[in-house]
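This report refers to the structure that appears directly beneath it.
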Amino acid sequence: MSRYSVSLSRTAEKYFERCDAPARDRLRQKFEKLKIDPFDPQNSKRLKGRNDQRSARVGDLRILFHVRDLDIIVAEIGPRGEIYKRGQ
């Protein structure tokens, strides 16, 4: 049923691999929800001033991503307190 595909940047992939098993499972579940509709307000929100970048919440973690055609490109995954401080 998923219309979109998800790909992780090298940075996001490294963070994903360092997460413990329960966090990885929660992130995978969020990726599945995003594949169905990344623009659903229950799944993500648009970030102001970040060139069409969106944010999805997974507990205290955030997933920052762009949608290009039918591809969801995950730029970063990280803790809420740190992820927004990094570059755009």
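The values are calculated or read from the model by the stated rules, or taken from the named source; none is laboratory data. Here the structure is a predicted model, which is why all the values come from computation and not from measurement. FYI the Cβ positions are ideal-geometry reconstructions off the backbone, even for glycines, and counts take in every protein chain you see.
Quick check: anything in region 36-56 surrounded by 14 or more Cβ atoms within 10 Å (Cβ to Cβ), among the hydrophobic types (A, V, I, L, M, F, W, C) and touching a Pro at 6+ places or on another chain (Cβ under 7 Å)? Within region 36-56, none of the residues are surrounded by 14 or more Cβ atoms within 10 Å (Cβ to Cβ), among the hydrophobic types (A, V, I, L, M, F, W, C) and touching a Pro at 6+ places or on another chain (Cβ under 7 Å). Consider Tyr84 carefully, then state whether it is modelled with pLDDT of 95 or more and not aliphatic (A, V, I, L, M). Judged against the criteria, Tyr84 is not a match. Do we have any residue at all in region 8-22 that's within 11 Å of the chain's Cα centre (by Cα) and at pLDDT below 95? Among the residues of region 8-22, not one is within 11 Å of the chain's Cα centre (by Cα) and at pLDDT below 95, which makes the answer no. Taken over region 48-66, the residue count meeting the criterion of being under 8 Å from the mean Cα position of the chain (by Cα) and under 14 Å from Lys85 (Cα atoms) is 4.
Residues in region 45-70 that are in contact with an Asp or Glu (Cβ under 9 Å, 6 or more places away or on another chain) and either part of a helix (DSSP H, G or I) or not basic (Lys, Arg) (or both): Ile63, Leu64, Phe65, His66, Val67.
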